[in-house]
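Student: One structure coming up, written as structure tokens, with questions to follow.
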Amino acid sequence: MRKQLIRISILQSSKFLTAMYVLMGFIYTLIGIPMIVFGSSELKITGMVYLLMPVIMGGIGFVFFVIFAALYKLLADWLGGVEVEIKNVE
């Protein structure tokens, strides 16, 4: 059975991916904390940026996915959406 994805919900998908980007940003936080505690003054500044990465990645991720979803909708209307094959499994 073939299905075609023709629309991505812009706001709902963006909210979900923003949450994913924030969670991935916490990896940078784990790197930034030792930089702040043990680093020189230049390294502490970089550590502060790393500490703020969940917020930065969430904001940038939201904006760019809104743009992506809007572009996908326009292109899917013009070219057709992504096709997938689905198999029913019991």
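Rule-based calculations on the coordinates, nothing more; no lab input. Since this is a predicted model, take the numbers as computed values, not measurements.
Student: List, in order, the whole-Hz ³J(HN,Hα) value for each residue of segment 38-48 obtained from phi through the Karplus relation with A = 6.51, B = -1.76, C = 1.60 and θ = phi - 60°; use x for Gly and Pro.
Tutor: 10, x, 6, 5, 5, 5, 5, 5, 4, x, 5
Student: While we're on this one: Read phi for every residue in segment 8-25 and hand back ³J(HN,Hα) as whole Hz from Karplus 6.51 cos²θ - 1.76 cosθ + 1.60, θ = phi - 60°, with x for Gly and Pro.
Tutor: 10, 5, 5, 5, 5, 5, 5, 4, 5, 5, 4, 4, 5, 5, 4, 4, 5, x
Student: Additional query: Ratio of alpha-carbon Rg to the 2.2 N^0.38 Å globular estimate for segment 31-89, to two decimals, please.
Tutor: Values: Rg = 20.5 Å, N = 59, 2.2 N^0.38 = 10.4 Å.
It is 1.98.
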